[in-house]
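Values quoted throughout were computed directly from the atomic coordinates according to the rules given, and no laboratory measurement underlies them. In this text the structure is predicted, and so the values were computed from the model without any measurement.
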């Protein structure tokens, strides 16, 4: 009984570690520097925003500057470690590249399930 319980605990722990590793890899891949426009504020946005969000999540937004300001203020209340000057720079960067007048982002096409037939 004890051996079975120990085996279950070890397997459960290994599965959790594997899931966490895959989640970290996915976040790192989606948060790659090339996903965000080159700008002096890019490292700041990467360092603050991608603590919790992927770059893809940021780039799909379409907000006005006041809406970006409210969003950054809200994230700071949630715990994002950013000074007033950093927040100002992040808002300017976000409002410069992801404005409300941009067309909606294109959704990536989902991969077909294995064994399905492609419709062209």
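Residue 70 to residue 111: extension gain in nm, 0.36 nm per residue of separation minus the Cα-Cα distance? Intermediate results must be reported in sequence, preceding the final value.
Details: separation 41, 0.36 × 41 = 14.76 nm, distance 3.54 nm.
Fully extending the segment from residue 70 to residue 111 adds 11.2 nm.
I need the shape label for the stretch 41-120. Rule: rounded when a/c is under 1.5, else prolate if a/b > b/c, else oblate, with a, b, c from the alpha carbon gyration tensor.
Details: a/c = 3.27, a/b = 2.09, b/c = 1.57.
Prolate is the answer for the stretch 41-120, as a/c is 1.5 or above and a/b outweighs b/c.
Below 8 Å, C-alpha to C-alpha, sequence gap of six or more: please give me the relative contact order for the stretch 51-105 in percent. Kindly include the intermediate steps, with their values, before the conclusion.
Numbers: 32 pairs, mean separation 31.0, N = 55.
Answer for the stretch 51-105 is 56 percent.
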